[in-house]
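*Asks:* My structure is below; once you've seen it, I'll send some questions.
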Amino acid sequence: MITPDKIWQLEGGQRRRKLALTFGALERDIAGIAEPGTGYDFKSMPRVEYTRRMVQVVLKDPQLPESAAVELAALLAQEPFDERRACNCARNHLLAIIGTFPAEWDLVIAPHTTEFSEDTVTHRDFFPGVKVYAEDIRSPFNLGSIFRTAEAFGAEKLYLSPFCTDPAHPRAVRSAMGCDEILPYERISLDQLPEDEPVFVLETGGTDIGEFQFPKRGTVILGSEELGVSPAALARATYGRCTIPMKGLKASLNVGVAFGILMQAWTASLKD
């Protein structure tokens, strides 16, 4: 990190880039995920005061839009001062001036703070028999999202097809937010799905989700991002096809978003 005095010795563009990097490092430090040797270490100034002074530097940038200045000034005046939000806001406004935007893997996401014992994980609350089969999900981000949603809504288990991406992929782990360590999963083929329980698919051209009669126990199959559910999966889904009605011109949902809608409807039917 750089001292507030030295930041003024840098030219406009270089100063903005250095500030953006500094705010990112500060945000990781505040979140408790800074790598060794990269945390805040100025003994002469509390971190909160350093953060305030760096935000004030951004406020003096001649290219900062008025609306952004108003937002940052409000954050500075807020009590208690939200360090992390101020850093995040300042960094994003700087990146907008520079002409770049943070990619998904640049987001500073702190890990889930809850610690789970082996006993807690073993006895986690879930809906018995509610299972999910992820067929050929290639995006690590989407697979992590499916893990997170399945665990949040109380699925018992997640099945992965042979061609699903690896749950250990860094982007899958990141978007799963620890749920890959809580929700049981295994990699199996379609013909290994339980024969004695209903199997249905989430796909277009089926029964409206508001009218679909969800089973008490069973497995829902989610198709790949590019192709949707395979013909083999459709044939295996003897219980039916559940469809989310849409009105938009594109009429397309991300698989993780669609899965969240389905899980809300399925678990609500079980509670009723």
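*Asks:* Which residue pairs have Cβ atoms closer than 7 Å, lie 6 or more positions apart in sequence or on different chains, and pair a first residue in segment 67-90 that is touching a residue at least 12 places away in the same chain (Cβ under 8 Å) with a second residue that is of a type in the set (Asp, Glu)?
*Replies:* Once the first residue is touching a residue at least 12 places away in the same chain (Cβ under 8 Å) and sits in segment 67-90, its partners that are of a type in the set (Asp, Glu) give Leu75/Asp82; Arg84/Glu27; Cys87/Glu27; Asn88/Glu27; Cys89/Glu71.
*Asks:* Now for a different question. Can Glu49 be described as over 12 Å from Ala90 (Cα atoms), open to solvent by 60 Å² or more (accessible area, probe 1.4 Å), without any contact (Cβ under 8 Å) to a residue 24 or more places away in the chain and assigned to a helix (DSSP H, G or I)?
*Replies:* Answer is yes for this residue.
*Asks:* Quick check on this structure: which one of Asp136, Asp106, Asp119 is at pLDDT 90 or above, open to solvent by 30 Å² or more (accessible area, probe 1.4 Å), of a type in the set (Asp, Glu) and out of contact with any Leu (no Cβ under 7 Å at 6 or more places or on another chain)?
*Replies:* Result of the check over Asp136, Asp106, Asp119: Asp136.
*Asks:* Given the conditions (1) open to solvent by less than 60 Å² (accessible area, probe 1.4 Å); (2) of a type outside the set (Ser, Thr, Tyr); (3) over 25 Å from the mean Cα position of the chain (by Cα), and given that Gly228 satisfies all but one, which numbered condition is not satisfied?
*Replies:* The single condition Gly228 does not satisfy is (3).
*Asks:* Mind listing whichever residues of segment 160-204 are open to solvent by 30 Å² or more (accessible area, probe 1.4 Å) and assigned to a strand (DSSP E or B)?
*Replies:* Selection gives Tyr185, Glu186, Arg187, Glu203, Thr204.
*Asks:* Check segment 74-85 and report whether any residue there is more than 29 Å from the chain's Cα centre (by Cα) and open to solvent by less than 80 Å² (accessible area, probe 1.4 Å).
*Replies:* yes
*Asks:* From the set of residues in segment 19-41 that are open to solvent by 50 Å² or more (accessible area, probe 1.4 Å) and hydrophobic (A, V, I, L, M, F, W, C), which is modelled with the highest pLDDT?
*Replies:* Ranking the qualifying residues of segment 19-41, first place goes to Leu21.
*Asks:* Right, something else. Does segment 1-18 hold any residues that are open to solvent by 60 Å² or more (accessible area, probe 1.4 Å) and of a type outside the set (S, T, N, Q), and which are they?
*Replies:* Those that are open to solvent by 60 Å² or more (accessible area, probe 1.4 Å) and of a type outside the set (S, T, N, Q): Met1, Asp5, Lys6, Trp8, Glu11, Arg17, Lys18.
*Asks:* Name the one entry in Gly223, Gly256 that is at pLDDT below 95, surrounded by 16 or more Cβ atoms within 10 Å (Cβ to Cβ), in contact with a strand residue (DSSP E or B) (Cβ under 8 Å, 6 or more places away or on another chain) and under 14 Å from Ile137 (Cα atoms). Outline the logic, then answer.
*Replies:* Details: Gly256 fails: in contact with a strand residue (DSSP E or B) (Cβ under 8 Å, 6 or more places away or on another chain).
Selected residue: Gly223, the only one of Gly223, Gly256 that is at pLDDT below 95, surrounded by 16 or more Cβ atoms within 10 Å (Cβ to Cβ), in contact with a strand residue (DSSP E or B) (Cβ under 8 Å, 6 or more places away or on another chain) and under 14 Å from Ile137 (Cα atoms).
The values are calculated or read from the model by the stated rules, or taken from the named source; none is laboratory data. Please read all numbers here as calculations on a predicted model, not as lab measurements. Note that each Cβ is placed from the backbone with ideal geometry, even for glycine, and that neighbours are counted across all protein chains shown. Ligands, DNA and RNA are stripped out before the accessible areas are found, and what is left, the full protein with its side chains, is counted by its heavy atoms. Shrake-Rupley method; radii C 1.70, N 1.55, O 1.52, S 1.80 Å.
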